[in-house]
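The values are calculated or read from the model by the stated rules, or taken from the named source; none is laboratory data. Just so it is clear, the structure is predicted and the values come from calculations on it, not from any experiment. Please note: Cβ atoms are built from the backbone with ideal geometry, for glycine as well, and neighbour counts cover all protein chains shown.
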Amino acid sequence: MSSILEKVLASAWTDLFHDRTLERGRDYARQKRIVLEDSSPQIIRTACRGSGMEIYTQTLLFKDPDRYKNYLTCKCTCPVRNDCKHCVAALLFLQDPQNRPLLQAALSSHQREIEQHVEQQIAQKPRLPERLIDDLQPRPRLILASVEFSAYEPRNGRMQRHVQHRAALAFAYGKHYAVGTTNVSILVSSLGSDLVNQKSDIIEHTQTETLRIRRQGERERQLRQELADLGFKVATRQSKALPDSAGDMYELPNDKAWLHFVLDDLPRLREQGWEIDIQEEFGFDVTPVEAWYAVIEEETERDWFDLELGIIVNGERLSLLPILINLIRSHPELMSPTAVAKRGDEEQLLVQLNHFTQSGGSPVQIALPYGRLKPVLATLGDFYWRQDGNNALRMSKADAARLTQLEDLPLTWQGGDRLRHFAERLINIKDAPVSLPDGLNATLRPYQLEGLSWMQSLRELEVGGVLADDMGLGKTLQTLAHLLMEKQAGRLDRPALAVMPTSLIPNWLDEAEHFTPDLKVLALYGANRHQDAGNLQDYDLILTTYALLPRDLELLEKQPFHVLILDEAQYIKNPNSKAAQAARNLNARQRLCLSGTPLENHLGELWSLFHFLMPGWLGNSKEFNSNYRTAIEKHGNQDRLHHLNARIKPFLLRRTKEQVATELPPKTEI
């Protein structure tokens, strides 16, 4: 090995490169991407495999470090051209002791041959005729790169992390690249794809002639103006993102502008013929999302289903659930419902997929528009806290209404047609037309017809609900009309059971006799109540009390019911009471609660009622307190309140007297 090369390799040559360039070059060297092509004592050529399938050639020129300040020059055929990561990898290859024998052999074999060839070329080089090319249009090239660094911040006395992004503009004339404004002429040698920054024409020597390529100053100005129209300004601050040799440096004002440029403007520039080179470390190297999809798998357990929401990137399906869960847990301040709601639908969320890499090994980045994320996050709700890394979200059928928030998205749906229809019905649960049953001795007001329609829809969808109308609005009448419709439709093949305070039994008996005389009613209370224990199946409606329910549980557990009704349902607000436990043990196709209490003011009572109606739907008591009650009652969290209200909306019907005042009869004054 020549003494000059040894001196160069022993010097502090790493100081000539940016830290990020050194890091990437070391990666390439460890991956053994370098191959020695040619060598002489002061010129060595290597080849390096780039991040894709490209092969770049490096030309390294050495001078004596003791005599020259600029003792090392490295040119590369990659877009950066000089002092790039491929050059670092080449120097590390030469520095590796394992490669010394290979290098020494190459030097011995080719040194004299190359020197003689150069001497002959210089001695025999004739003066060639010159030809002017003045109609070659420049092709703009844009290199995009980023650099991350830390700097001391005097205001807080700490090291601050910074990221700089740069775009380098050059103009391709054939295989040559020119930079800088010009109105005179440039000369370029024919050694390769050199970058030119002198203000003159481009000169290329061939074997038979010398070509003078005139730069098109006006066209270059127009191309610069295109960048300016996109928001780019000439970068005034020096940056290590790209070497000066890459081209004229431009920057955008902020990350939002960079992301907008990459997603909206960059594809258009490519279509117009711009050459775009995105460096691996560029912070906005975004891989396009090709499509969005949704998969629903309905379980044999009819009350549950699995939902997977995903995207297709580079032809591969990626579930969004683990991606969004990771974001929500790691950046709750950015992903809270309040923060997300403040984002415009056109804004984009940049997400790095660390487990999904590009061909060069760097993580894939995608941009997700908030306009699509909002309904997805609303569908996920609070369920992400209960996920264990699966790609699919386990959901209760009672939460199927959330699926309607996804209907306007350009999703490819797979499966779940029946469930999506169920979700639509759930959203419009009060709108189904209903006719009064024959034999009902009453005219129902519009809001009462709505209540009857709601109960019928709940029954059809096989779910329960809470009728929480104000006192005096006819909850009992609406319920009796519902039972009468069930009987006339032939569905009341089992008795219905209504549990209530003892004081309400006379009222139920009176209203049933007056409004629905076709219903056969049994009041199961009093000392002799067990006389009819053997023929409960013969009745349409059985009445009992909260006090007697635990005592008669053994009897009632043996009888399956069509509908189980709890009147004044706040009596089971303590879920551990004997009455509440007994009610949950009964077998019924449909469960209904009647209550005049505004449940939104009593979240513990609300949970207890839904624990009876749909056990487990709102989680256990501890989970409900953690997810909702503490946040709402102690911290006034409106996001959690809105979320809870949205979930229970299909299953809770409440009308106040003020809301239906126009439908009520006028007051009689005495």
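Here region 618-670 is the region considered, the condition is being over 20 Å from Gly596 (Cα atoms), modelled with pLDDT of 85 or more and hydroxyl-bearing (Ser, Thr, Tyr), and the residue that is surrounded by the most Cβ atoms within 10 Å (Cβ to Cβ) is Tyr628.
Would you confirm whether any residue within region 534-549 is acidic (Asp, Glu) and crowded, with 17+ Cβ neighbours inside 10 Å? So far as region 534-549 goes, yes, one or more of its residues are acidic (Asp, Glu) and crowded, with 17+ Cβ neighbours inside 10 Å. The conditions of being outside any helix (DSSP H, G or I), in contact (Cβ under 8 Å) with a residue 12 or more places away in the chain and touching a His at 6+ places or on another chain (Cβ under 7 Å) are not met by Pro615.
Each row is one residue, and each column tells you yes or no for (1) surrounded by fewer than 21 Cβ atoms within 10 Å (Cβ to Cβ); (2) assigned by TED's automatic domain parsing to the domain that holds Asp510; (3) among the polar types (S, T, N, Q).
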site	(1), (2), (3)
Ala432	yes, no, no
Ser435	yes, no, yes
Gly439	yes, no, no
Glu450	yes, yes, no
Gln456	yes, yes, yes
Glu460	yes, yes, no
Val463	no, yes, no
Leu473	no, yes, no
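Within the set Met455, Met471, the sole residue that is more than 21 Å from Thr404 (Cα to Cα) and at pLDDT 95 or above turns out to be Met455. Here region 216-275 is the region considered, the condition is being assigned to a strand (DSSP E or B) and in contact (Cβ under 8 Å) with a residue 40 or more places away in the chain, and the residue that is surrounded by the fewest Cβ atoms within 10 Å (Cβ to Cβ) is Glu275. Scanning region 75-88 for residues that are within 13 Å of Ile44 (Cα to Cα) and in contact with a Phe, Trp or Tyr (Cβ under 8 Å, 6 or more places away or on another chain), which turns out surrounded by the fewest Cβ atoms within 10 Å (Cβ to Cβ)? Checked region 75-88; the qualifying residue surrounded by the fewest Cβ atoms within 10 Å (Cβ to Cβ) is Cys76.
Restricting attention to region 282-304, which residues are at pLDDT below 85 and either part of a helix (DSSP H, G or I) or not polar (S, T, N, Q) (or both)?
Keep residues of region 282-304 that are at pLDDT below 85, which gives 298-304.
Answer for region 282-304, where residues must be at pLDDT below 85 and either part of a helix (DSSP H, G or I) or not polar (S, T, N, Q) (or both): Glu298, Glu299, Glu301, Arg302, Asp303, Trp304.
A search for C-beta distances below 7 Å between a residue of region 441-460 that is of a type in the set (Lys, Arg) and any residue that is outside any helix (DSSP H, G or I), counting only pairs 6+ apart in sequence or on different chains, returns Arg459/Gln590. Hey, can you tell me all the residues within region 35-93 that are among the β-branched types (Val, Ile, Thr) and within 49 Å of the chain's Cα centre (by Cα)? Passing the criteria: Val35, Ile44, Thr46, Ile55, Thr57, Thr59, Thr73, Thr77, Val80, Val88. Residues that are more than 15 Å from Ser239 (Cβ to Cβ), over 31 Å from the mean Cα position of the chain (by Cα) and either in a strand (DSSP E or B) or among the polar types (S, T, N, Q) (or both) within region 147-166 comprise Tyr152, Glu153, Asn156, Arg158, Met159, listed in sequence order. Number of residues in region 50-89 that are part of a strand (DSSP E or B) and aromatic (Phe, Trp, Tyr) equals 2. Of everything in region 392-428, what is aliphatic (A, V, I, L, M), part of a strand (DSSP E or B) and under 25 Å from Gly464 (Cβ atoms)? Give them in sequence order. Selection gives Leu393, Met395.
For region 31-86, filtering for residues that are at pLDDT below 80 and in contact with a Cys (Cβ under 8 Å, 6 or more places away or on another chain) leaves 0. One residue stands out in region 417-430 among those that are in contact (Cβ under 8 Å) with a residue 60 or more places away in the chain and farther than 25 Å from Tyr370 by Cβ: the one that is surrounded by the fewest Cβ atoms within 10 Å (Cβ to Cβ), namely Arg418. Could you list, in sequence order, the residues of region 458-484 that are out of contact with any strand residue (DSSP E or B) (no Cβ under 9 Å at 6 or more places or on another chain) and at negative phi? Matches in region 458-484: Glu460, Leu461, Asp470, Met471, Leu473, Leu477, Ala481, Leu484. When the test is whether a residue is without any contact (Cβ under 8 Å) to a residue 24 or more places away in the chain and hydrophobic (A, V, I, L, M, F, W, C), Ala468 does not pass it. If only residues of region 559-593 that are assigned to a helix (DSSP H, G or I) and touching a residue at least 60 places away in the same chain (Cβ under 8 Å) are counted, the one that is surrounded by the most Cβ atoms within 10 Å (Cβ to Cβ) is Ala569.
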